[in-house]
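Here, each number is a calculation from the coordinates, and none is a lab measurement. In this text, all values refer to a predicted model and were calculated from it rather than measured experimentally. With ideal geometry, Cβ positions are generated from the backbone for all residues, glycine too; neighbour counts draw on all protein chains shown.
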């Protein structure tokens, strides 16, 4: 009997980058860009960009645990963003770009803590500053943010300068896990 899809909610800088990467993994059914934390009233791009809403740009990943595990998602997460920088990913600066795992249950919390010890610290020399916090809310971002990279690609300077190199690195490192 097939297990029900599970959900992971991760923040690691711009949600366009994370959505693009995770959508390419076998076993990932759907990825939504959005905002984790904060309130519904301030869950919009303009407000979140102000850095005053307590939201993080995040992705909500629906995945088949029979094909890809939560730990495998975390391994990709640790390698595709810098979990050692507080409130910053590249040129994106502010609390809305923080690194965070919004765990959905105690098991995800334990698995995240173990992953930091086993995987993340073997990849990064500096201390991991990723928040491990309980999941409370996720607000899907505006429609124009969904599947942004696939729709705009290298026509958008941010995509060509920031996302495309990450996609190339990802394809090389995780070739066996690609859809």
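Tabulated values for the structure
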read-out: Value in Å of the Kirkwood radius, where segment 5-76 supplies the Cα pairs that are averaged; value: 12.6 Å
read-out: Virtual spin-label span in nm between residue 152 and residue 110, 7 Å along Cα→Cβ; value: 4.2 nm
read-out: Additional length obtainable on full extension of the chain from residue 179 to residue 64, 0.36 nm per residue less Cα span; value: 40.1 nm
read-out: Residue order, fewest to most surrounding Cβ atoms within 10 angstrom, among 46, 110; value: 46, 110
read-out: For segment 6-177: relative contact order, % (alpha-carbon pairs under 8 angstrom, 6 or more apart); value: 30 percent
read-out: Quarter of the Cα convex hull surface for segment 6-177, i.e. its orientation-mean projected area (nm²); value: 9.2 nm²
read-out: Set of segment 30-56 residues, backbone N closer than 14 Å to the point 7 Å along the Cα-Cβ line of residue 7; value: 30-37
read-out: FRET efficiency for residue 144 and residue 93, using Cβ-Cβ distance with R0 set to 30 Å, rounded to 0.05; value: 0.85
